[in-house]
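Enquirer: One structure coming up, written as structure tokens, with questions to follow.
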Amino acid sequence: MKRRFTAQQALEKIRQPADSEQRPGSDSEAELSESEGDNTDDEIWKLIPPVDSESSSDDDDSSESGEDTEAAAAAAPSDEWRSKHGQIVWSPTHAETLRYIPAATGVTPGPTRYATARISTVKSCFDLFVTEEIIQILLDMTNLQGKRSSADWKDIDATDLQAYIGLLILAGVYRSRNESTRSLWDDHTGRAIFRATMSHRSFSLINASLRFDDKLTRAASQKHDKLAAFRTVWDKWVPRLPLLFNPGRDVCVDEQLVPFRGHCRFRQYMPSKPAKYGLKIWVTCDVNTSYAWKMQIYTGKAADGPEVNQGKRVVLDMTAGLRGNTVTCDNFFTTYALAEELLKRKVALVGTIRKSKPELPPQLLQTRQRAALSSLFAFTKTHTAVSYVPRRGKNVLLLSTKHREPALSHKEHQKPMIIMDYNHCKGGVDNLDKVVGTYSCRRRTCRWPLVLFYNMLDVSAYNAFVLWTAVDPSWNQAKTFKRRLFMEELGKMLVSPQMLRRERLPRTPGAAAMVADMRESGPPYSGDSDSSPSKRRRWCEFCSGKKKKIATTCTKCGKHTCKDHSSTYCSSCCT
């Protein structure tokens, strides 16, 4: 490393006699003076910055070279910005940044072929999530608990349980989740469909006895699994979500807080959420539809201490199986290491990042003397970081592996395109919370497994609505409250079998008339009936070559047949 001198030290160094290698009057010194002539002043000015503007021409030349050297030295550090921990080199320009080319997803966004082949009615969409296997687990555990807790308990079957679920959904449709069940069954304040389906006592017994595991064997499994009381049903339900739907290019990972203030070992406090107290669930949503593609319950800290790099682990788990997508998340999850790991999976990341992250360069954290609405970018070969100042003293930091250029919006706020894309995609899970809460079947309870079950029904009903509108886009297309119509139709389809098999008519006139009309005209929303208003058109199964799409089915075998392959008979000939 070269030693630097002040101007005074440089003059004294030159004027003092040489005592190291050359003595005064030596041959080497003479040869130097003969070859360079009177350039002693030039050598001095190479060490001393010019201070006099009226210097000689030689001095001017040397001062210009000194200024160029200082400019080059000052420019060299600005081409490379090192992160706070010194392991990452950033650049203020994107000259060496590689172009981002998204990988092919390999799937078509929307319902999978497995789902499309099994959807025929509104109820069939819902049954894809709440399957017969889940219903059977609920029946076994509920009947077991009912026999233990009630002396006059009568075992319920799938029709009773589906009617119970249908009444919960209808209570959510009518915005009556916070209303007393006695009020719902009242002749004056309630609705006739509740009394027409089952008595208030039957509903209360099912609600009190509903269980998801055997209480006597729970203690052993609960030692190593806090979710033991609901684990069996949850593990059967969660794999159904990605099986039935392929998300689009943009997905969002965030947390969902299910409101609950009762006793639970993994209840969370989140002051930023409206409910503040509840059960936290990690959710991956499709941005365009808010379809819940993957969910994972957070059960609190482990026995060996808090989890390290929890945000990175959650995003990697919640995006497993994706390729060619862009993940949007907030600053709880976003890190440089996470972005690198997602790139290895052919997945891009866009998210806000905290100022305390050591992988950021200090230049992005400085906001002094920066104008409002100004943006500062930093680039690596695959990452882009941006600092945006929306107002004085405010600094917004984002990290992206999708954006590789310093593009800005042309609007007045002049936001970077990274922020524009983040704002467009960040609300996937928040919108799911909003739509689920609009017609939620949640009811007040002190049992956290029941809270999770209510949330499972809400998410299943909304996901079924997404599948149904994707399969049949023309269904109630002109109406703006399609989801309310869907929920109401789903609830009626679930309760209609129970209404038909009632042995005695209800006491109230309205409920009795509803049951009598259904017995005479048949169920208006049967699961597989062709008289359903949600009947779908399918290809004729007997046409060859150019097939026809028709809605008519054979009354005997149920196959779709066109006019060319069907015959008409009168009622007397059919008998």
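The values are calculated or read from the model by the stated rules, or taken from the named source; none is laboratory data. Not measured: the values here are computed from a predicted model. FYI the Cβ positions are ideal-geometry reconstructions off the backbone, even for glycines, and counts take in every protein chain you see. The protein model used for the area step is the full one, side chains on, heavy atoms only, and it has no ligands, DNA or RNA in it. Shrake-Rupley method; radii C 1.70, N 1.55, O 1.52, S 1.80 Å.
Enquirer: Can you list residues whose amide H is under 5 Å from Trp90's amide H, if they're 5+ apart or on another chain and H is modeled 1.01 Å from N?
Expert: Trp81, Arg82, Ser83
Enquirer: Follow-up. For the full complex of protein chains and a 1.4 angstrom probe, list Ser83, Ser180, Ser521 by accessible area with the highest value first. It would help to have the intermediate numbers written out before the result.
Expert: Working: Ser83 10, Ser180 65, Ser521 100 Å².
Of Ser83, Ser180, Ser521, the descending order of accessible area is Ser521, Ser180, Ser83.
Enquirer: Would you list Met198, Met417 from the most to the least accessible area, probe 1.4 Å?
Expert: Reading off the accessible areas and sorting them downward yields Met417, Met198.
Enquirer: Say a paramagnetic label sat at a point 7 Å from the Cα of Arg265, along Cα to Cβ; which residues of region 283-311 have their backbone N under 20 Å from it?
Expert: The answer is 296-308, whose backbone nitrogens lie closer than 20 Å to the label point.
Enquirer: Additional query: Could you report the accessible area of Asp472 in Å², rounded to 10, computed with a 1.4 Å probe on the protein chains as they sit in the structure?
Expert: 30
Enquirer: Could you let me know the centre-to-centre spacing of region 314-337 and region 131-205, using Cα atoms, in angstrom?
Expert: 40
Enquirer: Still on this structure: Could you pull the accessible area for Glu133 with a 1.4 Å probe, rounded to 10 Å²?
Expert: Ignoring ligands and nucleic acids, Glu133 comes out at about 100 Å².
Enquirer: Just subtract the alpha-carbon distance of Ala513 and Glu96 from 0.36 nm times their residue separation and send over the number in nm, one decimal.
Expert: Gain on stretching Ala513 to Glu96: 142.5 nm.
Enquirer: Distances over 18 Å make up what percent of all Cα-Cα pairs in region 91-141?
Expert: Numbers: 783 of 1275 pairs.
That fraction is 61 percent.
Enquirer: Another question about this same structure. Are any of the pairs Lys226/Lys294; Lys344/Lys426; Lys402/Lys479; Lys276/Lys346; Lys236/Lys280; Lys301/Lys434 more than 31 Å apart by Cα-Cα distance, and if so, which? Write out the running numbers ahead of the final one.
Expert: Values: Lys226/Lys294 20 Å; Lys344/Lys426 23 Å; Lys402/Lys479 37 Å; Lys276/Lys346 36 Å; Lys236/Lys280 19 Å; Lys301/Lys434 28 Å.
Over 31 Å Cα-Cα: Lys402/Lys479; Lys276/Lys346.
Enquirer: Taking the simple approach of a point 7 Å from Cα along Cα-to-Cβ for both Ala302 and Ser272, what is their distance in nm?
Expert: Taking the simple label geometry, Ala302 and Ser272 are separated by 2.5 nm.
Enquirer: Under the 0.36 nm per residue contour assumption, what length would be gained going from the current alpha-carbon distance of Thr131 and Gln363 to full extension? Present the calculation step by step, with values, prior to reporting the outcome.
Expert: Numbers: separation 232, 0.36 × 232 = 83.52 nm, distance 5.49 nm.
Taking 0.36 nm per residue and subtracting the Cα distance, the gain is 78.0 nm.
Enquirer: Any idea how far the Cα center of region 376-425 sits from the one of region 207-258, in Å?
Expert: 37
Enquirer: Taking amide H atoms as placed 1.01 Å from N in the peptide plane, list the residues 5 or more away in sequence, or in a different chain, whose amide H sits under 5 Å from that of Val347.
Expert: Sorted by chain and number, the residues that satisfy this are Gly324.
Enquirer: Kindly report, to the nearest 10 Å², the accessible surface of Asp160 as traced by a 1.4 Å probe over protein heavy atoms only.
Expert: 20
Enquirer: Please work out how much length the chain gains when fully extended from Asp140 to Lys563, using 0.36 nm per residue of separation minus the C-alpha to C-alpha distance, in nm with one decimal.
Expert: Gain on stretching Asp140 to Lys563: 147.6 nm.
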